[in-house]
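Notes follow the structure.
Please treat every number below as a calculation from the coordinates, not as lab data. This is a predicted model, so every value here is computed, not measured. Counting neighbours? That spans all protein chains shown, and the Cβs are built from the backbone with ideal geometry, glycine included.
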Amino acid sequence: DQQVKQNSPSLSVQEGRISILNCDYTNSMFDYFLWYKKYPAEGPTFLISISSIKDKNEDGRFTVFLNKSAKHLSLHIVPSQPGDSAVYFCAAMGGGADGLTFGKGTHLIIQP
Amino acid sequence: GAGVSQSPRYKVAKRGQDVALRCDPISGHVSLFWYQQALGQGPEFLTYFQNEAQLDKSGLPSDRFFAERPEGSVSTLKIQRTQQEDSAVYLCASSLLLDASTANYGYTFGSGTRLTVV
């Protein structure tokens, strides 16, 4: 029973365009949502987070939007760059768990 | 050190062998986590330490898995009598505290140990 779902295993976007990665969750008790980026043979690297009481957080090219009523969040990357090619994990904090609850990840491929 | 260090990076074990995986967290980090990441999956929580106290081990898949952090810094994840289904990347993460401030900068992960059981 997956509490955090990333339904797109992969996404291909042209360089310079907007990348939109989606994430759905089922546990309404999650306090925070985090996005991690992972390159092959490396550990996940923290990108950006959002509190459950907010609906938007922005950091440079990265913006996360949260729709609590729909239990949906998305990560927008604009403009997309070749170095953004990686696997992106959506993760949730709280909900009765001590650790993070991760989705399965979306492999983002930026095409030149 | 500057980051979370895990060793070995790769481990091949014969089925039934015991293995020990090491994690050196960032100096001063109170919280330490172990995660298991199977191929094509996201990391899954195994266990959590606050200093030397193991506060949550609900994610350990069986009693063959054991973790310790005796002095509140380095941690070891031990797997006894390894099975093929134990093949995965084992990730260690640390943070200064476990509270709302952690969400602002996330946990710092190590590069992981890839365990292959043959």
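Some values worked out for this structure:
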{"quantity": "Stokes-Einstein translational diffusion, chain A - Kirkwood Rh over all Cα pairs, 0.692 mPa s, 37 °C, in µm²/s", "calculated": "235 µm²/s"}
{"quantity": "Whole-Hz ³J(HN,Hα) from phi, Karplus 6.51 cos²θ - 1.76 cosθ + 1.60, for region B:37-46, glycine and proline x", "calculated": "10, 7, 4, x, 10, x, x, 10, 4, 10"}
{"quantity": "Average beta-carbon neighbours from other chains, 10 Å sphere, peptide A:36-43", "calculated": "5"}
{"quantity": "A:Gln14 paired with B:Leu97, simple spin-label distance in nm, labels 7 Å along Cα-to-beta-carbon", "calculated": "4.8 nm"}
{"quantity": "Residue-averaged beta-carbon neighbours from other chains (10 angstrom radius) around A:44-50", "calculated": "5"}
{"quantity": "Approximate spin-label separation B:Asp18-A:Ser51, in nm, with each point projected 7 Å along Cα-to-Cβ", "calculated": "4.7 nm"}
{"quantity": "Cα-Cα P(r), the protein assembly as shown, percent of pairs per 10 Å interval", "calculated": "8, 33, 35, 19, 4, 0"}
{"quantity": "Number of partner chain Cβ atoms within 10 Å, mean per residue of B:31-41", "calculated": "2"}
{"quantity": "Packing-based ranking, highest mean first, of A:58-68, A:15-25, B:108-118 given that Cβ atoms within 10 Å are counted", "calculated": "B:108-118, A:15-25, A:58-68"}
{"quantity": "Of A:Lys5/A:Lys104; A:Lys38/B:Lys78; A:Lys5/A:Lys71; B:Lys14/B:Lys78, pairs whose Cα-Cα distance is over 18 Å", "calculated": "A:Lys38/B:Lys78"}
{"quantity": "Backbone HN-Hα couplings from phi across region A:75-84 [Karplus 6.51/-1.76/1.60, Hz, Gly and Pro as x]", "calculated": "10, 10, 10, 8, x, 6, 10, x, x, 7"}
{"quantity": "Relative contact order of chain B, pairs being alpha-carbon contacts under 8 Å that are 6 or more residues apart, as %", "calculated": "36 percent"}
